[in-house]
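All remarks here apply to the structure that follows.
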Amino acid sequence: GVRFDEKDISKLNRISSLEYVLPWMSKTVTISGGGNSELSDYLASTENLFDGLKLEAEYGELFTKADVSKRAKVVVLGPEIAKKLFGSPANAFGKTIKIEKQNFKVIGVSKAKGGGGFGGPSFDSYLYIPYKTAFVFDPDKKFAALVAKVKDGQNTSAAKLAMEEELLRRYNEDDFSVIEQTELLSAITSIFSVINLVLVAIAAISLLV
């Protein structure tokens with residue numbers, strides 16, 4: 001199966017019916033902080049991930065577009081993982097943690113949300129980092145999935161078709177699927193179930209979970 005790259009994002013972002021297209025990168029990493037060490041998963045994306053997931057900051061702030069472009073070593077912790085490391089979410093804010101031995105500053109802790117899916121962790125257990133920063137852990141700079149939000153009032157099916165047409169310029173039909181949230185929900189309780197009116201392009205291989 002294919003994995004998508006930044007070229008795909010910039011091309012899909014030109015589709016006028018889409019509000020934004022973002023990468024979805026996830027990996028299990030060793031993290032330590034507050035004298036504790038844990039295995040946890042990060043979600044790496046653009047600053048639009050928080051809008052897509054409807055995530056807000058309980059303490060501190062969420063990372064920004066500037067953090068993404070300058071590959072800032074900043075992290076937003078879900079409240080569960082913050083509690084495991086530092087005893088409480090409030091204690092985690094402003095601290096430094098190590099992700100795979102690299103120092104990251106905790107600039108925020110997200111509000112409790114629960115949910116998750118794909119057999120993955122709850123959103124409260126993830127670390128959230130800028131995707132360009134995550135290239136340090138994933139040097140091939142590829143994404144298993146892309147998430148697009150359709151602008152209010154735009155036709156989702158037409159947007160889906162536009163995405164498929166654009167991706168077919170680079171990939172074969174069997175390499176990926178563009179799925180509307182409603183279809184995805186009927187198929188699997190999914191990581192994307194929290195995103196409104198969204199299209200997801202998934203590399204074919206990741207559907208065989």
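No lab work stands behind these numbers, since they all come straight from the coordinates. All values reported here derive from a predicted model rather than from experimental measurement. So basically every Cβ, Gly included, is an ideal-geometry build from the backbone, and we count neighbours across all protein chains shown.
By the rule of a C-alpha distance below 25 Å, with chain neighbours fewer than 8 residues away ignored, the lysines paired with K70 are K7, K11, K27, K54, K95, K98, K101, K105, K132, K141, K142, K149. Calculated FRET efficiency, K7 and A112, Cβ-Cβ r, R0 41 Å, to nearest 0.05? Efficiency for this residue pair is about 0.65.
Protection proxy ranking for 78-84, 67-73, using the average of other Cβ atoms within 10 Å per residue and placing the highest first: 78-84, 67-73.
Taking 7 Å steps out from each Cα toward its Cβ at A57 and E164 produces label points 4.1 nm apart. Secondary structure note: in region 35-125, about 65% of the DSSP beta bridges are antiparallel. Charge dipole (Cα centre; +1 on Lys/Arg Cβ, -1 on Asp/Glu Cβ; no other charges) of region 24-106 amounts to roughly 380 debye.
Between K142 and K27, the modelled labels are 1.3 nm apart [label points 7 Å from Cα along Cα→Cβ]. The HN-Hα couplings worked out from phi for region 42-52 by the Karplus form 6.51 cos²θ - 1.76 cosθ + 1.60 (θ = phi - 60°) are 9, 10, 10, 6, 8, 4, 6, 4, 5, 5, x Hz, whole numbers, x standing for Gly and Pro. Selection among T64, V75, F50 by position relative to the dipole of region 42-106 gives V75 as farthest towards the positive end (Cβ unit charges, Cα centre).
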